[in-house]
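Note sheet for the following structure.
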């Protein structure tokens, strides 16, 4: 007897695939633009364009397991059996209705979305389909980590509640996909978050780190790279092509374990939003990775390690300045009642350069070359000696600067983006939305 098939999605459109007569096909309601399915395991993807299997909402939150449902399509020529599977996706609203014993509301929502709410036959058939699944529903639910939510800007003052809600989720009973490989370490991750120093990275520093990450040379990983043994970095906007909003890390005897997150929950009404915040919070883990001590990391672009390492290195070389964030009065009172130390929240932004530094950068050539105009030198990494006898090397990022004497004209043939400490993103955030 064979086990259930691995869930597959189309690599072209990122849509989950159904099985028809043993072959993978796009869902019947899906507009596939004429392309053939390109099956790839869902576990290999950060984002999957799935919808709620109960109502069709584009932001499903949970995977439920129940009865294996199949639909038989008959005609004079043939009978086709389409398997809908034993795992169904549920959005936040449908999950709340199912938990409240009001699954009929999910059917109502589905009919309205399809424009069939005035067709009794369609409503009755959808009700039968849902009920066949729910009658054999198994206990528990698993968080869907691959939903592409709209951007959510978190502010420094949001970080304590974001951290505490995430730690509570790790300690809770709701499942995580097996591909995350953290089922056995959830309590350790929660304890690490309790100890974590919290960093909010402003927009300019995020832009600098993204640029630096694309050029970063090989780095030898060790525990001294991180600004602390436990931490949570939150960027003011999703960073890199992977749309990473945050990364947490914990330091162990032989490695650093890190988890990358995406922000979740925008675009919901207030009542549905509250269900989500109570159950999960503001962050959903999407990938884990490890940095083993003394490991030479020369392919740091996987899973978000590049942006993390670049941010750590830039903080270590004091390319940024860190300022303590103001803690809300309600947070202070809550921590005091729990007899917990106040959360340590740091705002990281690009450090303002002094005139002495600007002058040194503009006049240093290193080659003795005579310049007739000032030229832009783009940002780049350079290995810096450090340690005993200066025998060790670590990357140091050199900011864009003007090379040449200040009295020379600037050559305008080169375009460079100037990053400074004045642009700080959206400090107000919209974490409540």
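Compared with the direct C-alpha span, the chain from residue 390 to residue 229 gains 55.5 nm at full extension, assuming 0.36 nm per residue.
Shape of region 103-226 from its Cα gyration tensor (a ≥ b ≥ c, root eigenvalues): rounded if a/c is under 1.5, otherwise prolate when a/b > b/c, or oblate? The shape class here is prolate.
Listed peptides 256-262, 215-221 appear in the order 256-262, 215-221 once ranked by packing, highest mean of other Cβ atoms within 10 Å at the front. For the pair residue 222 and residue 148, the difference between a 0.36 nm per residue extended length and the Cα-Cα distance amounts to 23.4 nm. Taking label points 7 Å from Cα along the Cα-to-Cβ direction, residue 334 and residue 118 give a separation of 4.7 nm.
How would region 143-187 be classified by its alpha-carbon gyration tensor: rounded, prolate or oblate, with rounded meaning a/c under 1.5 and the a/b versus b/c comparison settling the rest? Oblate shape, in that a/c is at least 1.5 and b/c is the bigger or equal ratio.
Subtracting the Cα-Cα distance of residue 278 and residue 171 from their residue separation scaled by 0.36 nm leaves 37.2 nm.
Taking all Cα pairs closer than 8 Å and separated by 6 or more residues, the relative contact order of region 231-272 comes to 31 percent.
Give the whole-number value, in cubic angstrom per residue, of the convex hull volume spanned by the C-alpha atoms of region 170-217.
Details: hull volume 7.3 nm³, N = 48.
Hull volume over Cα atoms, normalised by residue count, gives 153 Å³.
Can you figure out the FRET efficiency of residue 23 with residue 136, using R₀ = 22 Å and their beta-carbon distance, to the nearest 0.05? E between residue 23 and residue 136, to the nearest 0.05, is 0.30.
Site pair residue 271 and residue 187 shows an inter-label distance of 3.8 nm when each label is modelled 7 Å from Cα along Cα→Cβ.
Computed from the coordinates by the stated procedures, all read-outs in this text should not be read as laboratory data. Please read all numbers here as calculations on a predicted model, not as lab measurements. No Cβ is skipped: glycine too gets one built from the backbone with ideal geometry, and neighbour counts run over all protein chains shown.
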